[in-house]
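Inspection log for the structure reproduced underneath, given as structure tokens.
Read-outs throughout are calculated quantities, based only on the coordinates presented, and are distinct from any laboratory measurement. Just so it is clear, the model here is predicted, and its values are computed rather than measured. Methodologically, a virtual Cβ is constructed for each residue, glycine included, from the backbone with ideal geometry; neighbour enumeration extends over all protein chains shown.
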Amino acid sequence: MASLALVLVFCAFVSLSESACFLKQLNPGTSQCVDDYDDSKHLMGSTWTNSKCIRCTCSPGEMKCCNVMGRVSSITEGCVVKYDYKTCTFDVFHPEDPTIKCAFGTVGK
């Protein structure tokens, strides 16, 4: 029974760790990828990071994209998250009392 519980927990972690990536199939003969966030076009073999901190790689037949910043999924009550899309980082803090430690969980990255 303990083994089954361990397997279920492991499966949950695997699904969470991959939740920030996606794969887009390209039509045969496609010579470029189109970023769905800003409609920019990218040549085969290129890699880029868009304004939403999504890093994509354009390969023959597919475009793979992953969130390089991660997203906060749980946070200590009273704390807030500030995302910086220029540096692809975030800060978690208590706006009224900086001495309070803010615990948080993330998805992705």
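Loop-located GluC sites (Glu not before Pro) across the range 13-91 with a Cβ neighbour count of 10 or fewer within 10 Å are GLU77, with loop assigned by DSSP. The H on the amide N of SER46, modeled in the peptide plane, is under 5 Å from the matching H of CYS58, each at least 5 residues off or on a different chain. Whole-Hz Karplus values for the range 91-103 come out as 10, 10, 8, 9, x, 9, 9, x, 7, 6, 7, 9, 8 Hz, taken residue by residue from phi with 6.51 cos²θ - 1.76 cosθ + 1.60 and θ = phi - 60°; glycine and proline positions read x. Using C-alpha pairs below 8 Å separated by at least 6 residues, the relative contact order for the range 51-109 is 35 percent. Remark on SER40: its backbone amide H falls under 5 Å from those of ASP35, a criterion applied only to residues 5 or more positions apart or on other chains, H modelled at 1.01 Å from N.
Between GLU62 and LEU26, the built amide H atoms are under 5 Å apart, and every one of these is 5 or more places off in sequence or on another chain.
Taking the Cα centre of the range 56-109 as origin and charging only Cβ (+1 Lys, Arg; -1 Asp, Glu), how large is the dipole, in debye to the nearest 20? Intermediate results must be reported in sequence, preceding the final value.
Working: 6 positive and 6 negative charges, 50 e Å.
Computed about the Cα centre, the dipole is about 240 debye.
In sequence order, the range 28-34 has phi-based couplings of x, x, 5, 9, 8, 10, 10 Hz under the Karplus curve 6.51 cos²θ - 1.76 cosθ + 1.60, θ = phi - 60°, and Gly or Pro positions carry x.
For the range 61-72, backbone phi angles converted through the Karplus equation (6.51, -1.76, 1.60; θ = phi - 60°) give residue-by-residue couplings of x, 7, 10, 10, 10, 9, 6, 8, 9, x, 9, 6 Hz, Gly and Pro being listed as x.
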